[in-house]
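To start, the structure itself, in structure tokens.
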Amino acid sequence: MGASLCNKTMALLCLVFMTTLNLCLVSIVAELPKFHQTTNGDGSLSFLVIGDWGRRGAYNQSQVALQMGRIGEKLDVNFVVSTGDNFYDNGLTGVDDVAFEESFTKIYTAKSLQRPWYSVLGNHDYRGNVEAQLSHVFRKIDSRWICLKSFLVNTEVAELFFVDTNPFVDMYFNDPKDHKYDWRGVLPKREKYIANVLKDLDLALSESSAKWKIVVGHHAIRSVGHHGDTEELVKQLLPILKANNVDLYINGHDHCLEHISDNDSPIQFLTSGAGSKAWRGDVKGLNREGVKFFYDGQGFMSVKLTQTEANFAFYDVSGKVLHRFDLSKPLYADM
Ligand SMILES: *[C@@H]1O[C@H](CO)[C@@H](O)[C@H](O)[C@H]1NC(C)=O
């Protein structure tokens, strides 16, 4: 499948190492799990991005899945990225929850989509049994399923940094009227959890020599949709992305498709959260600086990368291209 977990080997090596030298633990423990993903024969990398989807096929989820299969075949995609809110309304109840198969395995059936699905959790996933959704039991049922809190996917052309953004959002902790969340592993030391996520990300980004650096989270940094900007991420995450020359920040959460450019950095903010229920109709500040594209209906996004070129496209429920844009880089960057 082209995906392998390197961290386990690292941990094992470390263990062996540690017995002779008592130094290794500090750096290895903080390290994020890392998968290696092969590129295509021509050295290019393609993937689809979908978010906010698991509704047992309803709200056009199945139609979007069909078009993903078609575009996935055309682009010969290496994997799929899920930006979270994988299972509505309240995540998965346990390792025996049939919603996993009904909303995932039996929906994304196209041959081109039988690739790794690198997935983060959304706030709706946190309303269920998080440990279950992350569990290897589901990977046994459907080997495509690769869902972790924060992790890395390394390829020859790009590195993807998946970040668990849920613990950043104050509202989920402070509003007594809000839903119940499965904060095992986050509470009682939320500040420490967040600090570790940021430290691990910063370290991984600064050590990365990848041509394209792509950060993926559930919540938007910039959005003109229903939820808008996530202020906690603007304050805490964005400075790290800017300092490390990140090219793209990709998210879901708002049930729409968006492309927004930053006004003082090269970062492109891309929302792909239109995997099922959409058409919310509330848009704030469409004329805001940097907004290149906004679509309120269902759809998904594709990315194709080479060492020098990046091509992006957003599609609607019928597979029609709604918006395209390209980025390019010199082959040899002057550092
Ligand atoms: C499904 O997609 C069509 C075409 O975009 C749209 O008219 C319709 O409202 C969508 N259905 C739902 C339930 O969102």
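The values are calculated or read from the model by the stated rules, or taken from the named source; none is laboratory data. Computed from a prediction, not measured in an experiment: that's the story for all the values here. Reconstructed Cβ throughout: ideal geometry from the backbone, glycine too, with neighbour counts over all protein chains shown. For the accessible areas, the whole protein counts, side chains as well, though only heavy atoms, and no ligand, DNA or RNA atoms are used. Shrake-Rupley method; radii C 1.70, N 1.55, O 1.52, S 1.80 Å.
Listed values, structure above:
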{"quantity": "For the chain: relative contact order, % (alpha-carbon pairs under 8 angstrom, 6 or more apart)", "calculated": "19"}
{"quantity": "Residue-normalised accessible area of the chain, given per residue in Å² at a 1.4 Å probe", "calculated": "44"}
{"quantity": "Pairwise centroid distance, computed over Cα atoms, of segment 181-258 with segment 59-98, Å", "calculated": "21"}
{"quantity": "Environment charge of Thr306, counting only residues whose C-beta is closer than 9 Å and scoring Lys/Arg +1, Asp/Glu -1", "calculated": "0"}
{"quantity": "The chain: most fluctuating residue of Asp97, Asp316, Asp296 per GNM, C-alpha cutoff 10 Å", "calculated": "Asp97"}
{"quantity": "Top of Lys284, Lys292, Lys189 by mean-square fluctuation, Gaussian network on the chain, Cα under 10 Å", "calculated": "Lys189"}
{"quantity": "Derived scalar couplings ³J(HN,Hα) [segment 64-69; Karplus, 6.51 cos²θ - 1.76 cosθ + 1.60; whole Hz; x for Gly, Pro]", "calculated": "4, 4, 4, 6, 4, x"}
{"quantity": "For Thr39, distant residues with modelled amide H under 5 Å away", "calculated": "Glu156"}
{"quantity": "Local electrostatic count, Ala195, Cβ distance below 15 Å [Lys/Arg +1, Asp/Glu -1]", "calculated": "+1"}
{"quantity": "Amide H partners (placed H, <5 Å) of Gln268, local residues excluded", "calculated": "Leu248, Tyr249"}
{"quantity": "Cβ-based charge dipole, segment 58-129, positive-most Cα from Gly69, Gly94, Tyr59", "calculated": "Gly69"}
{"quantity": "Protein accessible area in the chain, 1.4 Å probe - carbon and sulfur %", "calculated": "54"}
{"quantity": "Simple Cβ-charge dipole of segment 34-328, Lys/Arg +1 and Asp/Glu -1, about Cα centre, in debye nearest 20", "calculated": "400"}
{"quantity": "Most mobile of Val163, Val283, Val215 in a GNM of the chain (Cα contacts under 10 Å)", "calculated": "Val283"}
{"quantity": "Antiparallel DSSP beta bridges within the chain, as percent of all bridges there, nearest 5", "calculated": "55"}
{"quantity": "Long-range HN-HN contacts of Gly54 with modeled amide H, under 5 Å", "calculated": "Phe87, Tyr88"}
{"quantity": "Phi to ³J(HN,Hα) by Karplus 6.51 cos²θ - 1.76 cosθ + 1.60 over segment 86-95, Hz, x for Gly, Pro", "calculated": "7, 9, 8, 8, 10, x, 10, 7, x, 6"}
{"quantity": "Over 32 Å (Cα to Cα) - which of Lys180/Lys277; Lys74/Lys292; Lys177/Lys213; Lys111/Lys242 fall in this group", "calculated": "Lys177/Lys213; Lys111/Lys242"}
{"quantity": "Per-residue HN-Hα couplings for segment 201-215 [Karplus 6.51, -1.76, 1.60; θ = phi - 60°; Hz; x = Gly/Pro]", "calculated": "5, 4, 5, 4, 5, 5, 7, 6, 10, 5, 5, 10, 10, 10, 10"}
